[in-house]
Each structure stands twice: as structure tokens, then as C-alpha cells.
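All remarks here apply to the structure that follows.
The values are calculated or read from the model by the stated rules, or taken from the named source; none is laboratory data. Source: prediction; values computed, not measured. Cβ placement follows ideal geometry from the backbone for every residue including glycine, while neighbour counts extend to all protein chains displayed. Heads up: the accessible areas ignore ligands, DNA and RNA and are worked out on the full protein's heavy atoms, side chains in. Shrake-Rupley method; radii C 1.70, N 1.55, O 1.52, S 1.80 Å.
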Amino acid sequence: MKLVVIGGVAAGMSLAARARRLDESAEIVVLERSDHVSFANCGLPYHIGGEIERRDALLLQTPERLKASLNLDVRVAQEATAIDRGRRRVTVRDRKTGRTYEESYDFLGLCPGATPIRPALPGVDLPGIRTLRNMEDMDAILGDMQSGVRHATVIGAGYIGVEMAENLVRRGVRVTLVEMLDQIMPPLDREMTGALEDELKRRGVVLHLETAAAAFRHSATGRLQVELKNGVTLDTDMTLLCVGVRPDVALAKTAGLEFGPRGGIRVDEHQRTADPNIFAAGDAVEVRHQVLPDTWLIPLAGPANRQGRVAAENICGRDTVFTPVQGTAIVKVFDLTAGVTGATEKNLQRAGMPYRKCYLHPSGHAGYYPGTGPMQLKLLFAPDTGRLLGAQAVGFDGVDKRLDVLATAIRAGQTARDLQDAELAYAPPYGSAKDPVNMAGFIATNLLQGDLQCWYAEEFPARAEKGLVLDVRSPQEYETGHVPGAVNIPLDELRRRLGELPRDREILTYCRVGLRSCLTYRILTQNGFRAASLAGGFNTFRAWRRQAPEPDATQAFEPYAEPPAAAAPPGRTVTLDCLGLQCPGPIIRLKETMSDLDPGDQIVLQTNDPGFIGDAPAWCAAQGHTLVEITTAGPQITARIRKGGPAAKANPTLPAASGPRKKSIVVFSGDLDRVMAAFVIANGALAMGDQVSIFFTFWGLNALRKSAPPPVAKGLLDRMFGWMMPRGPTALKLSSLNMAGIGTALMKKVMRDKRVDSLPELMRQAREQGARLIACSMSMDVMGMKKEELLDGIEVGGVASFLGEANGSNATLFI
Ligand code: FAD
């Protein structure tokens, strides 16, 4: 038997080597167009970055070694230019000499791979615009770099684009990464990619999302310029096109083979093409997907190697079937790792397949053992059977093994329930007794059997408008950012404050990652409330609502360097180890430690809670402290915070008040807009260090009512009054343009969109800052209102209390 293999890398060399192992007597010829066979194309970016130091480490085999070990006739720089199927002959051109010859075959292994796409844009063939597929491409890029590349533009933020961005940065090159979509790493769902974008930006990579290259040209000074569709022109020294690959099917077309709907060679489950003597494998063929319908192009090294092996087995007379591909892939993005297996949510949606999903944020290994950080894990499964459909993970440590376990489970046709029972290796440096894979199984099973109902970030604000959003994190966490309009009742206080929650609306609970919210869900539903818990918590909510990052102009020409250590001003420096503490641990420890320090003292805090990167600036701004710097090293985050002075929050443009710093406000109106105005003023005064008392009388009392008060004994008239009046801050209406509630709802929406705090939120802030809320006892009596019907912590006072407050104030407002 004579076998000719076209293409001598992943699929082709697997095919040839397996064929030799099965048939010692076969004549096997491998034709490779480039100058190298069996090279590690996946390692090319890492040699460019210097991580793989030796170029020859990428050359896994040479024709000589392959001849010696496997008796293969491997010919480099030989291009197959035509296939004559009738005569079973391949025309070959020797690229060095130009000589053409024919090679006969009994079987042909067609493994030509995929070529990088070079979009037909003006100037795309200018020098300095490169693609990366093989050793020659890598050598050309390294050659360019030797002649002095200070800035590179990488077009396309898929696997290769992101790897190239990292490796160019490692070589001291400033990098701009351009991506047409609103996310990097299109093989992942968008909400999973925010941390990767942040990591790239932290390392100095400038991102331009939602735009594409429009043209290339040289400037008057001869510098390469990339014009983007958004109007930006980038001056650059080198451009790398990483916009995807397409199957290299020119030869297959001349042979008249059949093609699939995506342009790849059509093969059956034995890797046989329409011609029984021609088998094809690798990036050039279309594959069946394990989860999704239709055939797909999935250019990955693992499937290419497996297909080559399957083709060889069938050529050698066996009956071996190639099982479908599930697209398991992984990428390193500086200190982060991201990967996917099976279907993504966007693919399931496009295919119209029903699915359910859950998110979790477990540590890579036990949080108390150094060197770990939380990972983001997303699981997709069938709503009826729980069959696993896909998984994605992003994090620092242990991402690869979770992906591989999940990939194996998907391949085995397991369900989300099966993940609960996976018995995985555990010791603190490696994992957790309840492994992230088990945890994913627990959450998904809770959903499947109705122990938990979730709401999803993408349902906001529509679902929230009909319900009440309840944040059960600590006030400190709430302060650092929350779902617009959310009411904050920490989980620990929930059981005794259930009376504040409405029973006629769905309570949409959330916490940071979903655990406390799940407990809340169980408490609420067992107390007769309708509830749902936000999947993935506020972390996932933030990821969903994240806008594509704006390119930061200040980054544009700054080479990456570790930020210089800030000069230490006088004062104490305290080190605070918060490693292993879950949010809100670091913020609470920070607050406690800060209270013992003097203005100007500094805290150097270490944590591995990635949420702290977003929380720290917000908390410092709210408290009047200075975030001097925040740096990361792997999962470890180090923040230096300087304590602000007592006047840190005061507005320096205002003259110092000489009289009493106290404001009294009378709220007579029960109109939403007027009550809001009262609290906006109150919060402003409080922020400037004033004391504030707010006296609620007549209709104003409605703002203080509980939405679901406990039953109280009342006469008929008082009960009727109660029915007719709005219950609490969320039920108030606008003073004008209410339009049967439409105007009020519209106003709330506009406020949410413009991130104006809701009335309950303003009230909470005022109370937390120390405002006294006093209900007028006389009005309560007239309106038949009892103290139990008012929000917890409201004082009840007569006119004397008000006058006492007013006498001591330097301003009294009547609203
Ligand atoms: P190729 O490896 O492309 O080999 C095809 C060969 O056929 C080529 O060398 C070509 O010169 C030759 N050829 C084509 N036409 C002819 C002809 N007419 N005559 C003679 N020879 C011909 N995959 C992963 O799973 N993980 C990774 O981390 C990863 N990283 C990558 C990084 C880079 C920079 C690149 C380029 C690819 C990466 N891949 C990765 C993809 C992976 O390398 C491919 O999926 C895999 O190599 C495909 O194997 P193949 O044999 O089908 O094609």
C-alpha cells in the first residue's frame, strides 16, 4: 500500500506515524510545502515572547529523524499542486528547484490545515503587516523586531491575537489590540471576558473594541499607519493580522471533493472524503459537534491529531469512528487563564437550543493556602435532563483542571447532577474538599430540582421593575457598588426585618457571588415570599453590564512597567494581610484598621479577592481616603491606602461654618419628588459634616411606612386611611405628571439609567450617615398610624422635639 500525506504538521504527521505503526510494509510519503515538518505552531507566540528560548525546541521532528524512527519519506518544501483522482496521482512542485513531478498513491491523506485570513483591505500587503502560522512567519516577525519595533498593532483578539499581545508586551513592545466585537476572546461568552480585558489593560495593552481595521498606509515619515473604522489612526511599526483562519482547500477544490456548509472539506465519521481513496483530517475539515447541531470548523491541535490517527486506522483497514468535537480550548492571558468546553451560551441561543445556566466564583484551591484567587465558572446544561452542554472558566490557578474534568464529563454525556458526585483529588495546595466542579453540580442540581430559582443580570431592569431588588451583603459592600435601586438588608438582619419586605412582589435577592443570596432565597420562600436569587451575584451582574472598555488615551504611548513605588510620606505604615478573606472581609478589616490610624498613615493591604480592585477606589472615595496605588502579582493584589484628614470630605470651596452645623427639615409632602429632594439635601448636608433631623408630618409620614406592615388593631376609619395612602418610599408617586403611575415608573427608570439613587437608597444613606428621622406623633394619631407600621428605627416625637431640633439648627427647610 502506498500512502501519500499532504501536510506534515499536526494531522498529517499523526496520520503518517499511526499508519506506519499499523502497517510496517506501507510506502509512506509526506509532502510539506514549508521548510519544516512537525513543528509546534502552538508554541510560536512563546518563542516570539522569549518564554521558549530556543528556536529549535519548536522543531519536534526532522525528516531525518522521521526516516530513522518511522521509515517515513518526509519531503519539505514540496507543494502538492494538483490531484488527479482518476489516475490516483498528485502533482508536486519542488519549491526550491521549481521542478514538477508526479507521485502515485493508493490512499491520499489530505491534511493541509487552515490559512490565516488576510482581509482584502487597502494596503494590506504593505511590508510590516504579518500573519502567524508557521516557523517562517515567526522568523519574519522576529526579524522585524530586531530592526526596532516599538509599537505593534494586533488585529483580532482571539486566542492567537491575545497570546501575541502578551508576548509582544513581554518583549517590551507597546501593543494596541483591535477587536471588531464588543469583547475579547470571542469563543467565550462576553460576561466571562471582563477580567481578561482588565488584565490586558493592567499590563499596558490598549484595547480598541467594537471597531476594525479599515486600511493600512505609510505616513509621510514612512511609518506604518492603521486606520480603524472608528476614525482612529494608529501609528505603528508592525501589524499582526489575527482575524481567524479559513480551511486551506484550494487543492481539494481542484480535486473536485465535496465541501460542508462552512467551506471545509466534507468527511464521514471515518474521515473519508467523497473519494473513498482520499481521507482528510485537521483544520481543513468540517467536524460534527458534540453538543450543537450541524458541522463546524474547529481549528484546534487536539482534534487535528485525533482525526489524523482515525484516518490512518481506516486507511489501514480498521473501522474507527471519529467522535464529535466539543471545542475544548484554553488560553493564558498574563497571570490569568481562560477556557471553554462544549457549547457557549451564544451558540446555544443561535442554535435555538434550550438551556439553563449557573455561575460560581470558587477559589482555585483552599482560600487559606497561599497562591490562589477566585475563578469565574459558568455551567450550561439542559433544562429537562440536566445533560451538560458547556462550561467556561477564567481565573488564576486550577482553571485547566476544572475545564478538563468538565470536558470529560461532557464527553461522557454526564449530567449536572453527576458533578455533585465527582470524587476529585484534594489537599489544600490543589483544591477544596468541595471542589468547584462539585459546587457547580450542587448549584445546577438545586436549580433542576427547584430548590433555587434564579434571576439573571440580563433580566435587569425589566424584572426588577415589577419586584424589589434586595441586596443582602454588608453595608460596606453595598457602599462600594450595588444594583441600581436595590434595598440593603444584610443577611444577618434579614430574619428580624422580614416585615419590611413586600409580599405582593417578587423579591430579587443578590449578594456578591450567590451564596448568601441562595440562603436568603431559602429564608424568604419558607416565609411565604416569592423570591429569586441573582445567578453569580453582583460579580456576574457587573460583568454583564460592563461596557466595552474605552481605550485609555494616557496608555497609548506608555510602555508597560511596574508602577514605581510611591514615596512614603511621613506617618505610620501598617501591613494588613487579608489573603484568603472573602469579600467583604478585606473591606471590613480595612475599615477597622483605618479607625485606629491617624490622618496621613498608610495601610498596605494584601488580598486575593479580585473584587477589591473595583471596591477599593469606591470605598476610599466614599470615606475620604487616598488609594495611593494598587498592583497585582498573579492572584495577589496589593493596595496602598493613605488615611484622609478629618476635613477630607468637606468641600474646600465653602467657607467654614461659624454657627451650629445642624439642619432641620420638615417633610410635609408625600410626593416622591419632594421627599427625594429632602433626602438629597439631607445627604449633602451630612456629607459636609452637618447633623440633620428630618421631621415627617401628615402626608410625609407615608415615606416612612413599611410596605408590608405587621397586623395592628385599628378602627375602620383608620384602616380605610391606611388602604388609601401609599405604603413606604417605593410606593410614592410624583407630584405632577404621575399619569396613573406611568410618569412615576418612567421617572424611576430614567433615574436608574442615569444611576441616580432611588428614594429607599437615599433614605438608607441618610440614616447610615446619622440622620434622625422623626415621625410627628400628632399626625400619626390623626391618620391612625401606629409605630409598628413605620420602618424600624424611626423616632416618634411631638412638635416640641421638632422645635428643639430647629432651635439648634442654622437652617430649617419645609418641604
Ligand atoms: P497545520 O498544522 O496548519 O498543518 C498543515 C500543513 O500542511 C502546513 O504546514 C502546510 O504548509 C501544509 N500544506 C498545506 N497545503 C499543502 C500543499 N498543497 N502541499 C504541501 N503541504 C501543504 N491549537 C490548540 O489546540 N492550542 C493552541 O494553543 C494553539 N495555538 C496555536 C498557535 C498558533 C500561532 C497557531 C498558528 C495555531 C495554534 N493552534 C492551537 C491551532 C493548531 O496549531 C492547529 O489546529 C493544528 O496545527 C492544525 O493541524 P493541521 O495539521 O490541520 O494543520
**Fill in**
Taking every C-alpha to C-alpha distance in region 140-284 and binning by 10 Å from 0, the per-bin percentages run 10, 32, 25, 20, 12, 1
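About the Cα centre, and with charges only on the beta carbon of Lys, Arg (+1) and Asp, Glu (-1), how big is the dipole of region 266-406? Nearest 20 debye, please. Display every interim value, and only then the final one.
Values: 15 positive and 14 negative charges, 63 e Å.
Once rounded to the nearest 20, the dipole reads 300 debye.
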**Fill in**
For the pair Ala351 and Val604, the simple spin-label estimate (label points 7 Å beyond Cα toward Cβ) gives in nm 5.1 nm
**Prompt:** Looking at Val666, Thr176, Gln449, which one has the Cα that reaches farthest to the positive end of the dipole of the chain (charges on Cβ: Lys, Arg +1; Asp, Glu -1)?
**Reply:** Val666
**Request:** Just the number, please: Stokes-Einstein D of region 1-65 in µm²/s, Kirkwood Rh from C-alpha pairs, 37 °C, 0.692 mPa s.
**Result:** 255 µm²/s
**Message:** Can you return the aspartates and glutamates within cross-link range of Lys662? Criterion is Cα-Cα under 12 Å, with same-chain partners fewer than 8 residues away left out.
**Reply:** Asp690, Glu805
**Asked** Gap in Å between the Cα centre of region 747-796 and the Cα centre of region 585-602?
**Response** 31 Å
**Zero-based 5 Å bins, Cα pair distances in region 207-272, whole percents** = 3, 13, 18, 13, 8, 8, 10, 12, 9, 4, 1, 0
**Message:** With the crude spin-label approximation of a point 7 Å out along Cα→Cβ, what separation in nm comes out for Ser25 versus Glu258?
**Reply:** 3.3 nm
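If you build the convex hull over the alpha carbons only and average its shadow over all orientations, what do you get for region 31-163? Give it in nm² to one decimal. Don't skip to the end; give the middle numbers.
On the way: hull surface 43.6 nm².
Over every viewing direction, the Cα hull of region 31-163 projects on average to 10.9 nm².
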**Request:** Calculate, in nm to one decimal, what Asp35 and Ile613 gain on full extension: separation in residues at 0.36 nm each, minus their alpha carbon distance.
**Result:** 203.3 nm
**Message:** Using the Cα atoms of the chain, I'd like the radius of gyration and the largest Cα-Cα distance, Dmax, both in angstrom.
**Reply:** 32.8, 110
**Request:** At a Cα cut-off below 23 Å, give the lysines reachable from Lys96, other chains included and same-chain residues fewer than 8 away excluded.
**Result:** Lys67
**Request:** Towards the positive end of the charge dipole of the chain, with charges on Cβ (+1 Lys, Arg; -1 Asp, Glu), say which of Tyr46, Ala682, Gly395 has the farthest Cα.
**Result:** Ala682
**Prompt:** Residue farthest toward the positive end of the dipole of the chain, with Cβ of Lys/Arg at +1 and Asp/Glu at -1: which of Pro617, Ala17, Ala114?
**Reply:** Pro617
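How big is the Cα convex hull of region 657-815 in projection, averaged over all directions, in nm²? Spell out each step's value before the answer.
Values: hull surface 38.4 nm².
Here the figure is 9.6 nm², rounded to one decimal.
Kindly provide the Kirkwood hydrodynamic radius of region 776-815 in Å, to one decimal, from all pairs of distinct alpha carbon atoms.
On the way: mean 1/r = 0.0868 Å⁻¹.
Mean inverse Cα-Cα distance, inverted, gives 11.5 Å.
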**Complete:** Computed curve, region 269-422, Cα-only Debye sum without solvent term, log₁₀ I(q)/I(0) at 0.11, 0.12, 0.14 Å⁻¹, is -0.50, -0.59, -0.76
**Message:** Across region 419-524, what fraction of all alpha-carbon pairs, as a whole percent, falls in each successive 5 Å bin from zero upward?
**Reply:** 2, 11, 19, 19, 17, 13, 9, 6, 2, 0
**Message:** As I understand it, the value is the acute angle between the Cα axis of helix 10-22 and the longest principal axis of the Cα atoms of the chain; what does it come to in degrees, rounded to 10?
**Reply:** 50 degrees
**Request:** Report in % the part of the accessible area of region 216-289 that belongs to carbon and sulfur, leaving out ligands and nucleic acids; probe 1.4 Å.
**Result:** 46 percent
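Starting with the highest mean, order 716-723, 11-18 by the number of other Cβ atoms within 10 Å, averaged over the residues of each peptide.
Details: 716-723: 12.5, 11-18: 27.6.
Going by the mean number of other Cβ atoms within 10 Å, highest first, we get 11-18, 716-723.
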**Rough spin-label spacing in nm, given labels placed 7 Å along Cα→Cβ, for Ile117 and Asn230** = 2.0 nm
**Prompt:** Between Glu210 and Met739, 0.36 nm times their residue separation minus their Cα-Cα distance comes to what?
**Reply:** 186.5 nm
**Request:** Give the distance, in whole Å, between the Cα centre of region 304-360 and the Cα centre of region 171-195.
**Result:** 21 Å
**Item:** Kirkwood hydrodynamic radius over Cα pairs of region 340-393, then Stokes diffusion coefficient at 37 °C and 0.692 mPa s, in µm²/s
**Value:** 269 µm²/s
**Message:** If you count only protein heavy atoms and use a 1.4 Å probe, how large is the accessible surface of Cys42, to the nearest 10 Å²?
**Reply:** 90 Å²
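Starting from the Cα-Cα distance between Arg55 and Met778, subtract it from 0.36 nm times their residue separation and give me the gain in nm to one decimal. Walk me through the intermediate numbers first.
On the way: separation 723, 0.36 × 723 = 260.28 nm, distance 8.76 nm.
Extending this stretch completely gives an extra 251.5 nm.
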**Prompt:** Summing -39500 (n - 2.57) over the DSSP H runs of n ≥ 4 in the chain and dividing by its residue number, what mean residue ellipticity at 222 nm do you reach, to the nearest 500 deg cm²/dmol?
**Reply:** -8500 deg cm²/dmol
**Message:** Compute, for region 1-55, the length of the dipole vector about the Cα centre, with Cβ point charges of +1 (Lys, Arg) and -1 (Asp, Glu) only. Units Debye, rounded to 20.
**Reply:** 80 debye
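Translational diffusion coefficient, Stokes-Einstein: compute it for region 379-471 using the Kirkwood radius over C-alpha pairs as Rh, at 20 °C and 1.002 mPa s, and state it as an integer in µm² s⁻¹.
Values: Rh = 14.7 Å.
After rounding, the answer is 146 µm²/s.
For Asp596 and Glu788, FRET efficiency with R0 = 45 Å and r from the beta-carbon atoms, rounded to 0.05?
It comes to 0.70.
Let's test the formula: R0 of 30 Å, r as the Cβ-Cβ distance of Arg65 and Val321. What FRET efficiency results, to the nearest 0.05? Please list the in-between numbers first.
Working: r = 32 Å, r/R0 = 1.05.
Here the calculated transfer efficiency is 0.40.
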**Largest-first principal axis extents of the Cα set of region 696-779 (Å)** = 43, 35, 21
**Request:** Within region 490-530, find all residues whose amide N lies under 15 Å from a label point positioned 7 Å from the Cα of Glu768 along Cα-to-beta-carbon.
**Result:** 490-493, 511-512
**Request:** Calculate the dipole size of the chain relative to its Cα centre from +1 charges on Lys and Arg beta carbons and -1 charges on Asp and Glu beta carbons; express the result in debye to the nearest 20.
**Result:** 1320 debye
**Message:** At a 10 angstrom cut-off on C-beta neighbours, averaged per residue, how do the peptides 258-267, 136-145 rank from highest to lowest?
**Reply:** 258-267, 136-145
**Request:** Using a 1.4 angstrom probe, figure out how much accessible area the chain has per residue, in square angstrom, rounded to the nearest whole.
**Result:** 42 Å²
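So what's the projected area for region 132-189, the Cα convex hull averaged over all directions, in nm²? Working shown, then result.
Numbers: hull surface 16.7 nm².
The Cα convex hull of region 132-189, projected and averaged over all directions, gives 4.2 nm².
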**Message:** Placing one identical point scatterer on every Cα of region 253-313 and ignoring solvent, what is log10 I(q)/I(0) from the Debye formula at q = 0.28 Å⁻¹?
**Reply:** -1.30
**Request:** Work out the FRET efficiency for Ala427 and Met724 from their Cβ-Cβ distance, taking R0 = 60 Å, and round it to the nearest 0.05.
**Result:** 0.40
